Amino acid sequence: MSRIIGIDLGTTNSCVAVLDDKGVPRVLAGADGERTIPSWVSWAASGQVAVGTRARRQAVTNPAATVYGAKRLIGRKVNADDVSSFAHTAPFRIVAAPNGDAWVRVQGQPISPQEVAAHVLRAVRKVAEEALGEPVTRAIVTVPAYFDDAQRQATRDAGQIAGIDVIRILNEPTAAALAYGAHRVREGRRLIAVFDLGGGTFDISIMSVENGIFEVIATGGDTALGGEDWDRRVLERIVDEVFDQHRIDLTGIPMAMSRLREACEAAKKALSVDRETRIELPFLANDQHGAPINYERTITRDYIDELTKDLLDRLEPPVTRALADAGLSGDQLEEVLLVGGMSRWPAVAATVERVFGKKPSRGANPDEVVALGAAAYAGILSGDSDEAQLLDVTPHDIGIRVGDGGFAVVLPRNSMLPVRARRLFATTSENQKFVSIELYQGESQDVTKNRKLGQVTLGDLPPGPAGSVRVELVMTVDVEGMLSVTAREIKSGREASVTIRPSGGLSQREIVEIINRRRQEHSAITQLPFEGGGMRVTTREFAIARPDEDTEPDK
Ligand code: AMP
C-alpha cells in the first residue's frame, strides 16, 4: 500500500503534505522549492497543458486559455449568482454544460472543472512522488466545510481522473485544527473556532476538542468570498482610473488585465506588512494616440481597506450564525485559529478579534496548515497515529419536497455524522403504482430555492386502497458526508427499486472517457487500475447513482 498524502486543493493555491518517518506532518516542496502550487491550468495553442506557476505566468500572454478558480465552479450550476459574477470578471469563458453545470471553454473545447482540478491534482501528485521517491496513489483531499454533496462528489471525480484514490474528503477547518494540535493542549473540553479566509472561499467552524476527539459543532461561511475579491476591488478601481484618464477600457485588453491582476495581488500582500507600496506597470496599454500608458501609483493599506469595507462586513454574519447554531457566544471559545492566506490581512485579523472578542492565534504559515492537517489525518487513518478521532456534521438541512413547493427537513443542518433518519409515507390514491420523493438540501422553506439532490422513485407497489401501502424512506449520511437513500415497502419488507437522479456532475462514462483520452495523449502516465469497465474504483464512497447508471428499477 502506498503512503497516503494530504492534499489541500485550494481555490488559488494547492499544497501537499505527508507524515514523515517520525510521525510529523511536513509539506512537500517541488523541485523548484515551491511549497504551494498555484491552482492554475493553461493550454498552449499546441494543446500542451501547463499547471501551477508556469500556467500562472502564461496568464499574461494567454489569458483566455488559462483557467484559475476552478474550485468556484466545481459541482456548481452556471446560473448560480456567484458563478455568474465570477464569469463576468474571468478572462476565460465559463459556459453551461448540457445539464447546466458550470464548465469552461478553452480553445473552443468545453472542459469540466473536474478535469481542470484533475490537472492540478496530477501536478500535486507528481510533486509528492518526486519528493518521496515512490509512487503515490492514495490521498486525503480537503474541501471547505460548506461544500455540498455535489461539490464533494465532483472533487472525488477530479481525484479519480487524476489517478488518485481519494480515500477521504476532509473538511478544511477540521484539518487546520488538527494541524494546530488543538487536541494536545490540555485535558478537558475545549471550544475553538477555525476562521479560514482563502483565495476564494470563507469558512467558519465551531469545534469542540475533548480527549483527542474533534467534534464540529457548527459550520458556516461564504463560498463566494476570498482574497481574490480584495484584488478585484483594487483592479476595478485602476481600470476606472485609466479609463477616466486615457479613455481606454482595459477590460477589453486581456494581457493588461492579467498583468494588473498580478500587480494588485502583489500590492495587497506587500500591504499586509507595510502601510504603503507602489504599483508600476510600464507599457500597460496604448492610449488613443498609440502612445504607451505607463501606469504608476502609490497605494496604501488604508485605501484598500476603504475599497473593501463591504467585503469585510460580509465576514461577520456567518460567524454570528455559526455561533448561534452552536448555542455559544464568542467569549465561550478558548481559541480562534486563523487559516488561509487572506487571514494575514490586518483588517481581517482585527475583524476576527472584534467579532470573537479575543485575539486570534496565527500559525507560522496559514497557507500550509490545511495540508499539514490532512497529512496528520492520513496518519490517523493508516494507523500510524491514534491520537484523534473526528466527528463531523452535515453542512445543510437535507429534506424532501412536500405539498405545494414546501420543504420538510429530514436531516437538520449540523447533525453529527454518521446520521440516519427515517420517514414513513402512505399512498394517497387507490392502487397507486409508485411513489416519487424529491430530495433537496438548503435552508429555505421554499423548496425551489434549495438545491435538488435527486429523486427516489419506488415502483411496483402492491395494489390497495389509498393509505394502505406504506413506504419507508431512509436517509444516511456517512462519516465522510456522503448521502445515500433507500426506500422500502413496509408490508412485504421488499427493498424496491431506488433511483436517484443527481441534477449535475460528470457521469461515470464521462470520467472514463476523460481518462481514456488522457491515456491516449500520454501513454506513459500511470493510472489507477480501472476495474470492471464502468465501475468506480472506490464504489463504497460513491453512494449516489449517476445519470447513466442504475436508472432502471431492478425487477
Ligand atoms: P490560500 O487559499 O490560503 O492559499 O490563500 C490565498 C489568498 O491569500 C490569496 O488571495 C492571496 O492573495 C492571499 N494572501 C497570501 N498571502 C498574503 C499576504 N501576505 N497578505 C494578504 N493576503 C495574502
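Tell me, yes or no, whether the range 365-388 has at least one residue that is polar (S, T, N, Q) and away from the ligand (no atom under 16 Å from the Cβ).
To start, the set of residues in the range 365-388 that are polar (S, T, N, Q) comprises 365, 382, 385.
Those still in the list that are away from the ligand (no atom under 16 Å from the Cβ) too: 382, 385.
Checking the range 365-388: at least one residue is polar (S, T, N, Q) and away from the ligand (no atom under 16 Å from the Cβ).
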Determine, yes or no, whether Val83 is assigned by TED's automatic domain parsing to the domain that holds Ala376, within 20 Å of the chain's Cα centre (by Cα) and assigned to a helix (DSSP H, G or I).
yes
Do any helices (runs of 4 or more DSSP H) entirely within the range 112-207 hold 2 or more residues that are polar (S, T, N, Q), and if so, which?
149-161
If you scan the range 153-199, which residues turn out to be at pLDDT below 85 and open to solvent by 20 Å² or more (accessible area, probe 1.4 Å)?
His183, Arg184, Val185, Arg186, Glu187, Gly188, Arg189
So, first residue more than 14 Å from Arg56 (Cα to Cα) in the range 242-266, second residue within 16 Å of the ligand (Cβ to nearest atom), Cβ within less than 7 Å, six or more apart or across chains; the pairs are Leu250/Leu260; Cys264/Asp231; Cys264/Val234; Cys264/Leu235
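Scan the range 118-143 residue by residue and report those that are open to solvent by less than 10 Å² (accessible area, probe 1.4 Å) and either within 12 Å of Val166 (Cβ to Cβ) or under 17 Å from the mean Cα position of the chain (by Cα) (or both). Please lay out each step first, then the result.
Initially, the range 118-143 is screened for residues open to solvent by less than 10 Å² (accessible area, probe 1.4 Å), giving 118, 120-121, 124, 128, 136, 139-143.
Hits for the range 118-143 are Ala118, Val120, Leu121, Val124, Ala139, Ile140, Val141, Thr142, Val143.
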Would you confirm whether any residue within the range 238-247 is crowded, with 24+ Cβ neighbours inside 10 Å and away from the ligand (no atom under 13 Å from the Cβ)?
no
Scanning the range 223-234 for residues that are more than 10 Å from the ligand (Cβ to nearest atom) and open to solvent by less than 10 Å² (accessible area, probe 1.4 Å), the one modelled with the lowest pLDDT turns out to be Leu225
Residues of the range 8-50 satisfying the condition of being away from the ligand (no atom under 16 Å from the Cβ), among the hydroxyl-bearing types (Ser, Thr, Tyr) and part of a loop (DSSP other than H, G, I, E, B):
Ser46
Applying the selection to the range 301-344, what residues are within 16 Å of the ligand (Cβ to nearest atom) and under 22 Å from the mean Cα position of the chain (by Cα)?
Leu311, Leu312, Arg314, Leu315, Leu337, Leu338, Val339, Gly340, Gly341, Met342, Ser343, Arg344
Out of (1) part of a loop (DSSP other than H, G, I, E, B); (2) within 16 Å of the ligand (Cβ to nearest atom); (3) open to solvent by less than 40 Å² (accessible area, probe 1.4 Å), what's the single condition that is false for Ser2?
(2)
In this structure, is Glu115 surrounded by fewer than 20 Cβ atoms within 10 Å (Cβ to Cβ) and modelled with pLDDT of 95 or more?
no
Can you confirm whether the range 206-220 contains a residue that is surrounded by 21 or more Cβ atoms within 10 Å (Cβ to Cβ), of a type in the set (Gly, Ala, Ser) and in contact with a helix residue (DSSP H, G or I) (Cβ under 9 Å, 6 or more places away or on another chain)?
yes
Can you give me the number of residues within the range 455-488 that are out of contact with any helix residue (DSSP H, G or I) (no Cβ under 6 Å at 6 or more places or on another chain), surrounded by 20 or more Cβ atoms within 10 Å (Cβ to Cβ) and part of a strand (DSSP E or B)?
8
Let me spell it out: the conditions are (1) under 16 Å from Leu121 (Cα atoms); (2) part of a loop (DSSP other than H, G, I, E, B), and Ala55 meets all of them except one. Which number is the exception?
(2)
Tally of residues being touching a Gly at 6+ places or on another chain (Cβ under 9 Å) and of a type in the set (A, V, I, L, M, F, W, C) across the range 16-36
4
Among the residues that make up the range 211-222, is at least one of them farther than 17 Å from Met342 by Cα, in a helix (DSSP H, G or I) and either β-branched (Val, Ile, Thr) or at pLDDT 95 or above (or both)?
no
Within the range 255-265, identify whether any single residue is away from the ligand (no atom under 16 Å from the Cβ), within 21 Å of His88 (Cα to Cα) and open to solvent by 80 Å² or more (accessible area, probe 1.4 Å), and answer yes or no.
yes
Looking only at the range 75-96, how many residues end up being open to solvent by less than 10 Å² (accessible area, probe 1.4 Å) and modelled with pLDDT of 95 or more?
1
Qualifying residues in the range 269-300 (those that are within 16 Å of the ligand (Cβ to nearest atom) and open to solvent by 100 Å² or more (accessible area, probe 1.4 Å)) - the one farthest from Asp244 (Cα to Cα)
Val273
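The values are calculated or read from the model by the stated rules, or taken from the named source; none is laboratory data. Worth saying up front: this structure is predicted, and the values here are computed from it rather than measured. Reconstructed Cβ throughout: ideal geometry from the backbone, glycine too, with neighbour counts over all protein chains shown. The protein model used for the area step is the full one, side chains on, heavy atoms only, and it has no ligands, DNA or RNA in it. Shrake-Rupley method; radii C 1.70, N 1.55, O 1.52, S 1.80 Å.
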